[in-house]
Structures are given as structure tokens and as C-alpha cells.
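Below is one structure, written out as C-alpha cells; the observations come after it.
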């Protein structure tokens, strides 16, 4: 194994690593709801991809009704 002849300072190593950055993912507008989403992925707000509904996204009202129904059935 080769030996290190001269030690590099912490600063020198950190300066070298300044270029190791994560690029921000490109966001596009959803064609259905108009909100920002990652390209080539299902919209997390409406569940649409390429003009088709792929996943059903529950609204706040639907979630509330489901929880109320569940709590009523649990009490009986």
C-alpha cells in the first residue's frame, strides 16, 4: 500500500468537495391540477399521470367521513 508523503489539511479537502452538490430536481406543472410535481411521476395532489388518474387521492372531507364511520363502528 502506498504511503501518504504530505498530509492535506482539512480545508484543502473541503475545498475539493465543494463541487459535490446535489442538483435540484426539475419541477413541472401538473396538467390536471396545475401544482408543481416532479417530472415523470404521479402528481401527489391529484393522482394523475399523463392525463389519466392512476391513484385515488383522498380529500379532507373523505378522510374525515371515513374516520367518523370507523369510530362509530368501533363503539358499537
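Each value in this text was obtained by applying a stated rule to the coordinates, not by laboratory testing. Bear in mind the structure is a predicted one, so any value in this text is a computation, not a measurement. A quick note on method: Cβ atoms are made from the backbone with ideal geometry, for glycine too, and the neighbour counts reach across all protein chains shown.
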Exercise for review: Please determine, in degrees from 0 to 90 and to the nearest 10, the orientation of helix 60-75 with respect to the longest principal axis defined by the Cα atoms of the chain, where the helix direction is its Cα long axis.
Suggested key: 70
Practice item. Within 10 Å, count the other beta carbons around each residue, average over each peptide in 28-36, 10-18, 43-51, and list them highest first. Key: 43-51, 28-36, 10-18
**Study point:** In Å, descending, principal axis extents of the Cα set of the chain
**Key:** 77, 38, 24
Practice item. Sum -39500 (n - 2.57) across every DSSP H segment of at least 4 residues in the chain, then divide by the residue count to get the 222 nm mean residue ellipticity, nearest 500. Key: -9500 deg cm²/dmol
